[in-house]
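A.B. asks: Got a structure for you, questions after.
The values are calculated or read from the model by the stated rules, or taken from the named source; none is laboratory data. What you see is a predicted model, and the numbers here were worked out from it, not measured in a lab. With ideal geometry, Cβ positions are generated from the backbone for all residues, glycine too; neighbour counts draw on all protein chains shown. All accessible areas refer to the heavy atoms of the entire protein, side chains included, with ligands and DNA or RNA removed. Shrake-Rupley method; radii C 1.70, N 1.55, O 1.52, S 1.80 Å.
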Amino acid sequence: MIHNVIKPNTYFDSVTLMLFSSKLNSVNGIEQAAVMMGTNHNKELMINSGVLTKAQADKAGSNDLIIGIKAASQNIIDQAIKVLNEQFENKTKTSSNGAEIKVKTVEAAAKAVTDLNFAVVSLPGRFAKAEAMKCLQNNMHVLLFSDNVSLEDEIELKDYAVKNELLMMGPDCGTAIVNGVALGFANVVRRGNIGLVAASGTGLQEVTVIIDKLGGGISQALGTGGRDLKIGVGGKMMLSALDALNADPATEVIGIISKPPAPEVMLKILEKVNKFKKPVVACFLGGNKTSLGKTKVYSADNLEQTANALVALSNNREIPKNSLLKTNTESLLNSLKLKQVKGKYVRGVYTGGTLAYESMLILSSKLSGVYSNIATDKKYNLDNPQISKENTVVDMGEDFFTDGQPHPMIDPKQRTLRIISDAKDNDTAVILFDCVLGYGSHDNPAESIVKAIKEVKNNRGDSIVFVGSVTGTDRDPQNRINQEKILTESGAIILPTNAQAAEFVVTLVSKLGAK
Amino acid sequence: MHNLKIIEIPNNLKRILNKSDLEISFHSKYKKTINFNIDSKIIAFQDSDLPLTPYSIKTNNFSSNVDVQYIQALLKLSLNKECKLVDLKIDKKISFDKIILRNNLNSFLVSKAERSEILSAIFSKSIKNHFSGIIIVPETNFSKFVGLGNGLTPAGDDFIIGFILGKYLLRKVTPEFKEKLRKTVNVKNATNDISRQFLNAAIDGYFNEFIIELVNSVKDNKPIIISLSKISEIGASSGLDLLAGLYLSLK
């Protein structure tokens, strides 16, 4: 049965009306309820939802408030009306219960909440520094999500933070987990005794996720921003974060993830961690192991190795030689109709920057000429990031693609189109991809990849292979198991880590060459 | 004893408020606003930290417990004395870089999609709500936006106001466009009286003071982030819905 109440000339703001609706919907036995202003469109919505009768709709005008309740019995409706009346009374008694404090400036926030000690700043780059500085001056640690902050501003912010014993994560810090709270793009991972510091967003995500898969847990995962280890900034935040992890009683093992630091910065880092009693694992992606010299730091080649080593050390076990997540690539290869595969090149189409970088390194070490928009060797820089050539790994999260567009981890549409366009090239034999889950990411990235796979397969059938990995956990909002299922059902080969996916592609491409 | 002091009124209300024997009756009240029906318009007396709108009067020492007699006396005593007249009509002759403004709006709005149904419909392809279908070609769907959504000013109305703003900036407001819109927003029961007033004001080129500030910053090529932040704080999602309309009008 439907029950309607019309309150003539009654106005409330939308938050209040949504609160009323949600209170009604939470009453046991209510099938559906809504509280809306009686404009024509709102009445239509309510009629279509089955909470408003046509007769009552005709009685209400656009300045009237309509309450619509659908329930199985009059008793339930009476109960709902009682709840609603209480809400109306509360609203007229006081317009704010103080549960949420609304402020418009950093200073007002600091004044309103006395123990405020952390701020996330996400503003267009040129305005970010001023707000981040205000937060630091109000004694807050800062995660600065914004990019396009000048180097000078970054140094000024970090100098202030170091002097005042605060963390200044970023600029361009996309991921962190602080005291169990995920910030920016981060995954739902187990808490534990492994502390991480990284100058890389998806690198940090991949390592935390693999640690979780291996049964380990994270104490803190701190980001520094991509430029921190360059000579200009001098690793100011990496050094502070390492001190913080060393002092953190919940952290027993420390991991460092980044591209190779400037040599002077590397020296400072090694000097610091050599004094630590806690074991340290470092992954300087693409760096030279010998640059670590004689230190007690364990050097890992890729993100998976980093996680493997950290989990072993966190359990006082020896570091295993082989990955604990190793898959049987032979049987995966056998499952493919290799004879039908046409072309010889691999195209890596990525949303995550560090994942793209890791794949580019793995592919470059075994295949000749891997072009990229993030190539370390200028010879292999793509002239036009929009157009792949031969073997290519493209990072779709780079500024070229995100200028004026949402990041592909938020809206993967551009990546979907790029997969389709790369697969149109008959020389493309393999598409390699990532699928990054977690807070902040698109709520169904696998679906957008499958959309591309289906379209490509319509034209190319089994003459092209799709290989990828899912960076996520079973507790992520998107759920790793579901996402992997969506991908494998479309015929894609899914490996447990990005490194394994890239290595599998190397094997696959060699087999295709030998065919 | 109240001590309300009128500090600012919009230029466009001067003529109405200066009439002798104004008919005034109570309309509605909130924490920081009290609305009165005055000369067939709904005019808000509001706290000084709210933006001046084409239909509001900004006051110091605001109280929502004043009655009609008090307001009548206040208007007689205060007008033309210490209160400032503010022009809320948009400057129609500004030149600006459409792409830069659009990119700035994109960066600002994308992270706020959760706060507004319309922004969710724009930025999250996976979220489907009643705006998802009509957001694709807003201009041909104005009639579907009017009055859609909850609150004092329905989200669909705020969106249209933002869209009109964009059209003014692009100098694309023709008499035909205005006429068509006016017919659409004035359909009986399409929206509530307060919101309809704002829609009609926007059609005539009148916007609230934060929007005028934004337009001035765009015109002078100054940073717009402060104006965007101020607008985004209006209402629960009103300001963001308005900015969503502006953003899509620049496509």
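A.B. asks: Rounded to a whole number of µm²/s, how large is the Stokes-Einstein D of segment A:430-488 at 10 °C and 1.306 mPa s, given Rh as the Kirkwood radius over C-alpha pairs? Please report the intermediate quantities before stating the final value.
C.D. replies: On the way: Rh = 11.8 Å.
After rounding, the answer is 134 µm²/s.
A.B. asks: Could you tell me what a quarter of the Cα convex hull surface of segment A:47-88 works out to, in nm² with one decimal place?
C.D. replies: Here the figure is 3.6 nm², rounded to one decimal.
A.B. asks: In terms of solvent-accessible area of protein heavy atoms at a 1.4 angstrom probe, what is the ranking of B:Phe45, A:Phe127, highest value first?
C.D. replies: The ordering from most to least exposed comes out as A:Phe127, B:Phe45.
A.B. asks: Based only on Cα atoms, what Rg/Rh ratio does segment B:40-188 have, Rh being taken as Kirkwood's radius?
C.D. replies: 1.02
A.B. asks: Something else about it: Collect residues whose amide H, placed 1.01 Å from N in the peptide plane, falls under 5 Å from the amide H of A:Ala282; neighbours closer than 5 in sequence don't count.
C.D. replies: Correct list: A:Ile256, A:Tyr298, A:Ser299, A:Ala300.
A.B. asks: Interface A/B, total buried accessible area with a 1.4 Å probe, nearest 100 Å²?
C.D. replies: It comes to approximately 3000 Å² buried between A and B.
A.B. asks: Per-residue HN-Hα couplings for segment A:365-370, Karplus 6.51 cos²θ - 1.76 cosθ + 1.60 at θ = phi - 60°, whole Hz, x for Gly and Pro?
C.D. replies: Using θ = phi - 60°, the values come out as 6, 10, 10, 8, x, 9 Hz.
A.B. asks: Using the Karplus curve 6.51 cos²θ - 1.76 cosθ + 1.60 with θ = phi - 60°, work out ³J(HN,Hα) for each residue of segment B:166-172 in order, rounded to whole Hz, and write x for Gly and Pro.
C.D. replies: Here the 3J(HN,Hα) series is x, 5, 5, 4, 7, 6, 10 Hz.
A.B. asks: Follow-up question, since we're still on this one. Taking R0 as 35 Å, what's the FRET efficiency between A:Ala250 and A:Asn482 from their Cβ-Cβ distance, rounded to 0.05?
C.D. replies: After rounding, the FRET efficiency stands at 0.65.
A.B. asks: Largest first, what is the accessible-area ranking of A:Thr251, B:Thr184 with a 1.4 Å probe? Don't skip to the answer; put the middle values down first.
C.D. replies: Values: A:Thr251 0, B:Thr184 30 Å².
Ranking A:Thr251, B:Thr184 by accessible area, largest first, yields B:Thr184, A:Thr251.
A.B. asks: While we're looking at this one, here's another question. Starting from the Cα of B:Lys84, draw a straight line to each of the lysines and keep only those under 19 Å, dropping any in the same chain fewer than 8 residues away.
C.D. replies: B:Lys5, B:Lys14, B:Lys19, B:Lys58, B:Lys76
A.B. asks: So what's segment A:1-92 giving for Rg/Rh, alpha carbon basis, Kirkwood Rh from the mean inverse pair distance?
C.D. replies: Ratio of gyration radius to Kirkwood radius: 0.93.
A.B. asks: Going through segment A:300-349, which GluC sites (Glu not before Pro) have at most 16 other Cβ atoms within 10 Å and a DSSP loop state? All intermediate terms of the calculation are to be shown ahead of the outcome.
C.D. replies: Details: sites: A:Glu304, A:Glu318, A:Glu330; in loops: A:Glu318.
Passing both the DSSP loop test and the Cβ count: A:Glu318.
A.B. asks: Now a separate question. Taking amide H positions as placed in the peptide plane 1.01 Å from N, state which residues far from B:Lys29 in sequence (5 or more) or on other chains have amide H under 5 Å from it.
C.D. replies: When sequence neighbours closer than 5 places are left aside, the close amide H contacts are B:Asn35.
A.B. asks: log10 I(q)/I(0), Debye, Cα-only segment A:217-306, no solvent, q = 0.16, 0.19, 0.26 Å⁻¹?
C.D. replies: -0.58, -0.85, -1.67
A.B. asks: Could you tell me the calculated FRET efficiency between B:Gln72 and B:Asn186, based on Cβ-Cβ distance and R0 = 30 angstrom, to the nearest 0.05?
C.D. replies: Rounded to the nearest 0.05, the efficiency is 0.55.
A.B. asks: Please give the average number of partner chain Cβ atoms lying within 10 Å of the Cβ of each residue in A:445-452, rounded to a whole number. Each step should come with its number before you reach the end.
C.D. replies: Values: counts 1, 0, 2, 2, 0, 0, 0, 0.
That works out to 1 on average.
A.B. asks: Okay, moving on. Can you classify chain B as rounded, prolate or oblate using the Cα gyration tensor, where a ≥ b ≥ c are the square roots of its eigenvalues, rounded means a/c under 1.5, and otherwise it's prolate if a/b beats b/c and oblate if not?
C.D. replies: Cα axes put chain B in the prolate bin.
A.B. asks: Shifting gears a bit: Other chains near B:216-227: what is the mean number of their Cβ atoms within 10 Å of each residue's Cβ?
C.D. replies: Shielding by partners across B:216-227 averages 1.
A.B. asks: Can I ask one more? For chain B, what does -39500 (n - 2.57) per DSSP helix run (n ≥ 4), summed and divided by total residues, give at 222 nm, in deg cm²/dmol to the nearest 500?
C.D. replies: Rounded to the nearest 500, the figure is -12500 deg cm²/dmol.
A.B. asks: Find how many whole Å separate the alpha carbon centroid of segment A:244-316 from the alpha carbon centroid of segment B:1-27.
C.D. replies: Going from one Cα centre to the other spans 69 Å.
A.B. asks: Related question: What accessible surface, in Å², does a 1.4 Å probe find on A:Leu338, ignoring ligands, DNA and RNA and rounding to the nearest 10?
C.D. replies: Looks like 40 Å² after rounding.
A.B. asks: What nm value, rounded to one decimal, do you get for the distance between B:Phe96 and B:Asp21 when each label is placed 7 Å out toward the C-beta?
C.D. replies: Result: 4.5 nm between the two label points.
A.B. asks: Here is a further query. Can you list the lysines whose alpha carbon is less than 17 Å from that of B:Lys98, not counting same-chain residues fewer than 8 positions off?
C.D. replies: Cross-link targets: B:Lys167, B:Lys172, B:Lys219, B:Lys222, B:Lys251.
A.B. asks: I've got another one for you. So if I take the centroid of the Cα atoms in segment A:201-237 and the same for segment A:1-25, what is the distance between those two points in Å?
C.D. replies: Comparing the Cα centres of segment A:201-237 and segment A:1-25, I get a distance of 47 Å.
A.B. asks: How much accessible surface area, in Å² rounded to 10, belongs to the heavy atoms of B:Lys251 with a 1.4 Å probe?
C.D. replies: 150
A.B. asks: Given Cα positions, please report Rg to Rh for segment A:322-422, the hydrodynamic radius being the Kirkwood one.
C.D. replies: 1.01
A.B. asks: If you average the C-alpha positions of segment A:348-371 and of segment A:456-489 separately, how far apart do those two centres end up, in angstrom?
C.D. replies: Computed from Cα coordinates, the inter-centre distance equals 19 Å.
A.B. asks: Tell me what chain A gives for mean residue ellipticity at 222 nm when only DSSP H runs of n ≥ 4 count, each as -39,500 (n - 2.57), the sum divided by the residue total, rounded to 500 deg cm²/dmol.
C.D. replies: About -12500 deg cm²/dmol.
A.B. asks: Still on this structure, please answer the following. Shielding by partners for B:185-193, please: the mean number of other protein chain Cβ atoms within 10 Å of each residue's Cβ.
C.D. replies: 5
A.B. asks: A further question follows. Looking at the calculated P(r) for segment A:101-171, what percent of the C-alpha pair distances fall above 13 Å?
C.D. replies: 59
A.B. asks: Based on the inverse mean of 1/r over its pairs of different Cα atoms, what is the Kirkwood hydrodynamic radius of segment B:50-100, in Å?
C.D. replies: About 14.3 Å for segment B:50-100.
A.B. asks: Working from the pairwise distances between different alpha carbons, so that the mean of 1/r is found and then inverted, what is the protein assembly as shown's Kirkwood radius in Å?
C.D. replies: Answer for the protein assembly as shown: a Kirkwood hydrodynamic radius of 29.0 Å.
A.B. asks: Regarding segment A:175-271, what whole-number volume in Å³ per residue does the convex hull of its Cα atoms give?
C.D. replies: For segment A:175-271, the hull spanned by Cα atoms encloses 83 Å³ per residue.
A.B. asks: Let me ask something else. According to a simple spin-label model (label point 7 Å from Cα along Cα-to-Cβ), what is the distance in nm between A:Ile81 and B:Glu82?
C.D. replies: Using points 7 Å along Cα→Cβ, the separation is 5.1 nm.
A.B. asks: Additional query: How about segment A:134-179: which GluC sites (Glu not before Pro) there lie in a loop by DSSP and see at most 12 other Cβ atoms within 10 Å?
C.D. replies: Taking segment A:134-179 and a limit of 12 other Cβ atoms within 10 Å, the loop GluC sites (Glu not before Pro) found are A:Glu165.
A.B. asks: Just how much of B:Ile225 is accessible, in Å², when a 1.4 Å probe is used and the result is rounded to the nearest 10?
C.D. replies: B:Ile225 has an accessible surface of roughly 10 Å² with all protein chains in place.
A.B. asks: Rg and Dmax of segment B:107-204, using alpha carbons, in Å: what are they?
C.D. replies: 13.4, 38
A.B. asks: Show me the three semi-axes of the equivalent ellipsoid for segment A:6-51, from the C-alpha gyration tensor (sqrt of 5 times each eigenvalue), largest first, rounded to whole Å.
C.D. replies: Over the Cα atoms of segment A:6-51, the ellipsoid semi-axes are 18, 15, 8 Å.
A.B. asks: Continuing with the same structure: Accessible area, 1.4 Å probe, largest first: how do A:Met1, A:Met238 sort?
C.D. replies: A:Met1, A:Met238
A.B. asks: While we're on this one: May I ask you to list the lysines whose Cα is less than 16 Å away from that of A:Lys275, ignoring any residue fewer than eight positions away on the same chain?
C.D. replies: Cα-Cα hits under 16 Å: A:Lys294, A:Lys296.
A.B. asks: Additional query: Taking 7 Å along the Cα-to-C-beta vector as the label spot, tell me the A:Gln32-B:Lys251 distance in nanometres, rounded to one decimal.
C.D. replies: 2.8
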